[in-house]
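Written out below as structure tokens is the structure these notes cover.
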Amino acid sequence: MNSVALDTLENVFESGAWPSRERDWRAQALAKLQHEGFPTKRQEAWKYTDLSDLDETPWTTATVSEDAVPDVALLPDTDRVVYINGIFDAARSNLGELPAGVELNPEKLTAPAQAPVDAMSGLNIALARHGLYLHVPAGVALPRPLEILNLTSDGAGGGMHHVRHQIVLEQGASATLLDQSLSHEAAALSTQGWSIELAADAALNFTRLQDTAQTHKAVDRLHATVADGGELVANLLELGARPGRLDLHVTLDGERASAQVNSMLYAIGKSHVDHQIRIDHRAPNCVSRTQGRALAQDRGRVVLDALVHVAKGADGTDSEQQLASLLLTPGAEANVKPELEIYADDVACAHGSTIGRLDDDAEFYLRSRGLSRDEARALLTQSFVRPALRQIPAAFRATVKRHLETRLPGAAAMENFA
Amino acid sequence: MLEIKNLHASVDDKAILKGIDLTIGAGEIHAVMGPNGSGKSTLGGVLSGRPGYVITEGSVHFNGKDLLEMEPEERAVAGLFLGFQYPVEIPGVSNAYFMKAAVNAWRVARGEPEIDAMGFLADIRKAMEALELPTDMIHRGVNEGFSGGEKKRNEIVQMQLLKPKLSILDETDSGLDIDALKLVSNGINALRSAERSFVLITHYQRLLDYVQPDHVHVLAGGRIVRSGGEELARELEERGYGWVTGEAA
Ligand SMILES: Nc1ncnc2c1ncn2[C@@H]1O[C@H](COP(=O)(O)OP(=O)(O)OP(=O)(O)O)[C@@H](O)[C@H]1O
Ligand SMILES: [Mg+2]
């Protein structure tokens, strides 16, 4: 295989000075990448998202310097862990006192729970230096929302960076997380890997907001397993990058586990955003809900694949999937695909997808009452995306709103956006 | 107030309005009647700026301004209101939010400050109560799940809040029960003043029993084929359209 990138990655890896106990699994992960090469459009999962130009870039590791990092409006009353170019930044982080027994370590990487599932997760596992390790013991609720900021600095062009997080909530524990990926104009590549384990009756509300520049490539993956009675809410907002890609794989592993996945994608300008969502029902009486809202305008492109797989024996499964896309201007593209695979009995599964444009009659009705065209369109767009925004925790609403406003003309209309 | 001269309009190259002349003075009420498909809603659409029509000839002036040059929202805030024959359902946009935005657009255009939230809520409650609409509808989606009659009443609520100079009500009386017709008529009469004008597009004499028009026009085949006073409506009710449209042909 002729790949500038793979050749240079070898050197990047060798110069990593990895602790010897990590070398084995890192080398294995790199081997996975070298063996498979970067994904190409010939692979089903990458049909619409092209990473082939990764091959041509002699990637280096982005380093931390004094150059500018994106502005972040800091939330009051949260704990905050900040990574800049993949490296923990203690000065910008903010960690208050946590309940006894909570372990929060922003620089701890453990051996991955499973071998990399594809080339890009191989890259992530091989090269991630830092990441959040969070362990919440049984019955403990994190007292404040926890923010994770994954920032790319201005000088990171041509560089790449990686972080890998591991979250464990023991029985009955709960937490609220906000993960934000932001960059300026740097042409960089970042990967983020998440491994989330929810024990019985644990509850996690996880919000992801990816709004990096259109010169940025963000290729992230999140795996979550949910045990009996556990509840995962995932709010996934994919707003920037080219591509901005997230593979989410949730396994409902114990009875009455539930997952609510709210995916909102908005491609504007030349950005390209892609969610690949898979929910596995592996135990009886689990519940899953997927709300997908995909918006595209200008030359933007959105891809949303959502699969619900109900394994043999997962009887009493209750699953709903609702995907919708909206093309705001000619030239934009959306590829939305709901999928359902059922191998169990007595299941209630509903799924559907729609593709549409803004309703001209509704737009005229609003304008006929004095709202400007922009306001009318913003209001209608807002009502379209709202079902995917309902479960964003109050603490993050202003942040999410600010990111949406920059894309929607007539932003004042977003006042009551959810 | 409104001056329509020789107005021709078409949709997809099909001529629908074929030379309308109509002048509406301040404080006047005009009823426009006519058979199905004669162009009444098209006239309302053209006046309010609904996209899709091509004006092939003629002019419309609204208080001296060239109406046809204005965007729909500019016409609105200049004081023109269209009560829709088929009000649109917009799930996910709340009535309250929508109407507050509309009221503020009109206020800003008049150089007034925006209304405060409490004042607005009091106004919309009052208007809804007057039309006997349940006030919890304030927070529902615009017309979402409203019955046909409720949608029509909601148009009048909107008119009450905006206080237009010229209201064109396209069959607002269709689909109303007898009590609702009275409420709607009261709503119109309550706004009547020497400065406000109305165009009532209707098929029924009954509305005109409650809201006395100054002029009645018959639109047929895209033209006004006859104009008269109140008595013309009664005559149409008795005799149908054949005698006027036949006369014109
Ligand atoms: N968008 C359109 N495309 C094609 N034809 C149209 C369109 N809009 C209106 N027309 C035609 O124009 C004519 C006039 O329609 P309009 O709705 O103005 O009638 P109307 O007088 O309001 O009728 P009604 O009493 O049934 O409400 C009809 O023949 C109608 O089919
Ligand atoms: Mg009509």
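Here are some notes:
- Residue count, region B:18-55 (criterion: within 8 Å of ligand 1 (Cβ to nearest atom) and outside any loop (DSSP other than H, G, I, E, B)): 6
- Subset of region A:330-356 (residues that are exposed (fewer than 13 other Cβ atoms within 10 Å of the Cβ) and in a loop (DSSP other than H, G, I, E, B)): A:PRO330, A:GLY331, A:TYR343, A:ASP345, A:ASP346
Every residue, every condition in (1) away from every other protein chain (no Cβ under 12 Å); (2) within 16 Å of ligand 1 (Cβ to nearest atom), yes or no:
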| residue | (1), (2) |
| --- | --- |
| B:PRO134 | yes, no |
| B:LYS151 | no, yes |
| B:GLU155 | no, yes |
| B:LEU161 | no, no |
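- Of the residues making up region B:184-201, none is over 26 Å from B:ALA26 (Cβ atoms), surrounded by fewer than 23 Cβ atoms within 10 Å (Cβ to Cβ) and not hydrophobic (A, V, I, L, M, F, W, C).
- Filter result for A:ALA306 (in contact with a strand residue (DSSP E or B) (Cβ under 7 Å, 6 or more places away or on another chain), closer than 22 Å to A:ASP211 by Cβ and at pLDDT 90 or above): yes
- Out of A:TRP25, A:TRP18, sole residue that is buried (at least 16 other Cβ atoms within 10 Å of the Cβ) and without any contact (Cβ under 8 Å) to a residue 12 or more places away in the chain: A:TRP18
- Residue in region A:382-394 that is away from chain B (no Cβ under 13 Å) and part of a helix (DSSP H, G or I) present: yes
To keep it simple, each residue is scored yes or no on (1) of a type in the set (Phe, Trp, Tyr); (2) buried (at least 16 other Cβ atoms within 10 Å of the Cβ); (3) more than 22 Å from A:ALA213 (Cα to Cα).
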position: A:PRO58; (1), (2), (3): no, no, no
position: A:LEU74; (1), (2), (3): no, no, no
position: A:ASP79; (1), (2), (3): no, yes, yes
position: A:ALA91; (1), (2), (3): no, no, yes
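- For beta carbons closer than 6 Å, sequence separation of 6+ or different chains, a first residue in region A:145-171 that is assigned by TED's automatic domain parsing to the domain that holds A:LEU54 and a second that is in a helix (DSSP H, G or I) and of a type in the set (Phe, Trp, Tyr), there are no qualifying pairs.
- Only a single item in (1) within 16 Å of ligand 1 (Cβ to nearest atom); (2) surrounded by fewer than 21 Cβ atoms within 10 Å (Cβ to Cβ); (3) closer than 19 Å to B:SER41 by Cα is not met by B:LEU169, and it is number (2).
- Pairs meeting the criteria (first residue in region A:44-56 and assigned to a loop (DSSP other than H, G, I, E, B), second residue surrounded by fewer than 18 Cβ atoms within 10 Å (Cβ to Cβ), beta carbons under 7 Å, at least 6 apart or on different chains) are A:LYS47/A:LYS41; A:TYR48/A:ASN335; A:ASP50/A:LYS41.
- Qualifying residue in region A:130-138 (condition: at negative phi, part of a loop (DSSP other than H, G, I, E, B) and without any contact (Cβ under 8 Å) to a residue 60 or more places away in the chain): yes
- Looking across region B:75-106 at every residue that is in a strand (DSSP E or B) and at pLDDT below 95, the one that is nearest to the other protein chains (Cβ to nearest Cβ) is identified as B:GLY92.
- Scanning region A:237-258 for residues that are in a strand (DSSP E or B) and of a type in the set (D, E, K, R) yields A:GLU238, A:ARG245, A:ASP247.
- The residue that is nearest to the other protein chains (Cβ to nearest Cβ), counting only those in region B:64-74 that are in a loop (DSSP other than H, G, I, E, B) and at pLDDT 95 or above, is B:GLU71.
- Of all the residues in region A:370-398, those that are farther than 30 Å from B:MET159 by Cβ and out of contact with any helix residue (DSSP H, G or I) (no Cβ under 9 Å at 6 or more places or on another chain) number 10.
- 1 or more residues among the hydrophobic types (A, V, I, L, M, F, W, C), touching a helix residue (DSSP H, G or I) at 6+ places or on another chain (Cβ under 6 Å) and at pLDDT below 95: qualifying strands (runs of 3 or more DSSP E) within region B:184-232: B:215-220, B:223-228
- None of A:ALA224, A:ALA283, A:ALA234 is surrounded by 21 or more Cβ atoms within 10 Å (Cβ to Cβ) and assigned to a loop (DSSP other than H, G, I, E, B) except A:ALA283.
- Residue count for region A:365-418 satisfying the condition of being at pLDDT below 85 and of a type in the set (Gly, Ala, Ser): 5.
Per-residue answers, yes or no, for (1) closer than 26 Å to A:SER383 by Cβ; (2) more than 14 Å from chain A (Cβ to nearest Cβ); (3) hydroxyl-bearing (Ser, Thr, Tyr):
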{"site": "B:PHE146", "(1), (2), (3)": "yes, no, no"}
{"site": "B:LYS165", "(1), (2), (3)": "no, no, no"}
{"site": "B:LEU176", "(1), (2), (3)": "no, yes, no"}
{"site": "B:GLY187", "(1), (2), (3)": "no, yes, no"}
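- Residue within region B:25-42 that is over 21 Å from B:GLU155 (Cβ atoms), touching a residue at least 24 places away in the same chain (Cβ under 8 Å) and within 12 Å of ligand 2 (Cβ to nearest atom) present: yes
- Meets criteria (surrounded by fewer than 18 Cβ atoms within 10 Å (Cβ to Cβ) and touching a residue at least 12 places away in the same chain (Cβ under 8 Å)) for A:ASN105: yes
- Lone unmet requirement of (1) at pLDDT 95 or above; (2) away from ligand 2 (no atom under 16 Å from the Cβ); (3) of a type outside the set (D, E, K, R) for B:ALA9: (2)
- Within the option set B:ASP177, B:ASP173, being away from ligand 2 (no atom under 16 Å from the Cβ) and farther than 18 Å from B:ALA78 by Cβ holds for one residue only, B:ASP177.
- Criterion: in contact (Cβ under 8 Å) with a residue 60 or more places away in the chain and either out of contact with any Phe, Trp or Tyr (no Cβ under 8 Å at 6 or more places or on another chain) or aromatic (Phe, Trp, Tyr) (or both) - qualifying residue of B:LEU162, B:LEU200: B:LEU200
The values are calculated or read from the model by the stated rules, or taken from the named source; none is laboratory data. All values derive from a computational prediction rather than experimental measurement. Positions of Cβ are backbone-derived with ideal geometry, glycine not excepted, and every protein chain shown enters the neighbour counts.
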